[in-house]
1. Provide a single number: the residues in the stretch 24-51 that are assigned to a loop (DSSP other than H, G, I, E, B) and modelled with pLDDT of 95 or more.
2. For residue 372, are the conditions met, namely being buried (at least 23 other Cβ atoms within 10 Å of the Cβ) and at pLDDT 95 or above?
3. Any idea which of 298, 291 is at pLDDT below 95 and under 23 Å from the mean Cα position of the chain (by Cα)?
4. Pairs only if they're at least six apart or on different chains, beta carbon under 6 angstrom, first in the stretch 309-322 and closer than 10 Å to residue 192 by Cα, second in a helix (DSSP H, G or I); list them, first residue then second.
5. What number of residues within the stretch 277-296 are free of Cβ contacts under 8 Å to residues at least 60 places away in the same chain and either crowded, with 20+ Cβ neighbours inside 10 Å or assigned by TED's automatic domain parsing to the domain that holds residue 149 (or both)?
6. Take residue 158 and tell me if it is at pLDDT below 95 and in contact with a strand residue (DSSP E or B) (Cβ under 8 Å, 6 or more places away or on another chain).
7. Here are some conditions: (1) more than 16 Å from the chain's Cα centre (by Cα); (2) within 27 Å of residue 273 (Cβ to Cβ). Residue 56 meets all but one. Which one does it not meet?
8. May I ask you to say which residue of 82, 66 is touching a strand residue (DSSP E or B) at 6+ places or on another chain (Cβ under 8 Å), outside any helix (DSSP H, G or I) and within 28 Å of residue 162 (Cα to Cα)?
């Protein structure tokens, strides 16, 4: 068996059905082998988009995402999206063409050390070879899916394709298991003695689908819950124990609640989103996770175990009517603050219209920017829908390729990208990708002509706005962009009409919503 045949068969058997990227000459044999194995190659406009699409494919399907880039600049381009999979915890294989052994380390066009490039951005990096090919592919898939899941890089040396390779898997030892910090008896005492507990549920709980268990638990142990942004949807927004989302709009109101807690319980809380030190009061912290974390909080206790064990351990926790009532007050205060900001044609107004008109099955992807702080706090995620964002990595431009990945998987449901004009510009070329593959995506550009979040941070430092203005007037200045229709809206009525038109359209549509950004200064919390 050749290298390309083995790789394609292993990935097919793993469940991979498409991979994303931009080809190079040495990758042609791999593309052909993948095609014969039933794995479709999706051509993107930029390699970073390919990695984002592989990341989101893994999130939505549970199958390791796969992306590809060629030598040098292809590898550096794709590395941004690969870093996203690392800090947003998505299993991914990043394949790159590499120089043959005789050229490794030599001066040559497009030649850099890919292993050095990807070492800090992945869980592991390998260079495929004939002797250990079977072992490398198996270990790469294992490592990518071990807790926390993340990306693994495999370099494909030019000239290896067509070579007979070793398909033997020796079962070499996997990564050494670290000693966990489990002090079960002390945890039990802290939980049982708490009168004002607070649960902070996060990304790891969301990845493991712990929402149903959490809801069942809260029926008998009514305690308040705060969520991290990427755990949005773990607990319904209307649930009486849901106090709100940390870090996002008006989250400073949560200090009323966190300040009253006598114990904080991290439930699958991943500090990559928002460090405990940024908000936890001076009270004991019990951190339940699937792997050891680098906590630096004095006295914090970690329990490294499965999500099922978390809820068993929490069984001694008592309900706290006072804290639950306070959580309801805080949630109402946040809601009232957002409602007040919905005047004229603000971002809040535009998002409310979307929320009211989109069906529950819609998959919404969110780009990075001031609008994400609003979206993360105010968006309701129904059981049949999804809100997909990047927070651990927080790379602008994420929203559009993420929406395209969703559209490949779920063509029958509305797939909506909510982005700012700055984020859209970074991956705007992917609109031609949507056209090429006949994907229907609704792209809502909340256009304010600037990098608003940076301008806000400048104002916090009492610095005059500088280097943040993107354009004057309409971002598009035309009714089409790369063959896709653009609808320009400046008020709520036009927005309602545009969303309705986009939902009934056969092709992708861009809605340029010219919003008043002034409300951001009142809603985005200073950090």
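The values are calculated or read from the model by the stated rules, or taken from the named source; none is laboratory data. A quick note: this is a predicted structure, and the numbers were derived from the prediction, not measured. With ideal geometry, Cβ positions are generated from the backbone for all residues, glycine too; neighbour counts draw on all protein chains shown.
1. Just the residues of the stretch 24-51 that are assigned to a loop (DSSP other than H, G, I, E, B), to begin with: 24, 37-39, 44-46.
Imposing the further condition that a residue be modelled with pLDDT of 95 or more reduces the set to 37-39, 44-46.
The total comes to 6.
2. yes
3. So the residue among 298, 291 that is at pLDDT below 95 and under 23 Å from the mean Cα position of the chain (by Cα) is 291.
4. Final answer for the pair search is 316/188; 316/191; 316/192; 317/191.
5. Total meeting the criteria: 4.
6. Answer is yes for this residue.
7. Among (1) more than 16 Å from the chain's Cα centre (by Cα); (2) within 27 Å of residue 273 (Cβ to Cβ), the lone unmet condition for residue 56 is (1).
8. Every option except 66 fails the conditions.
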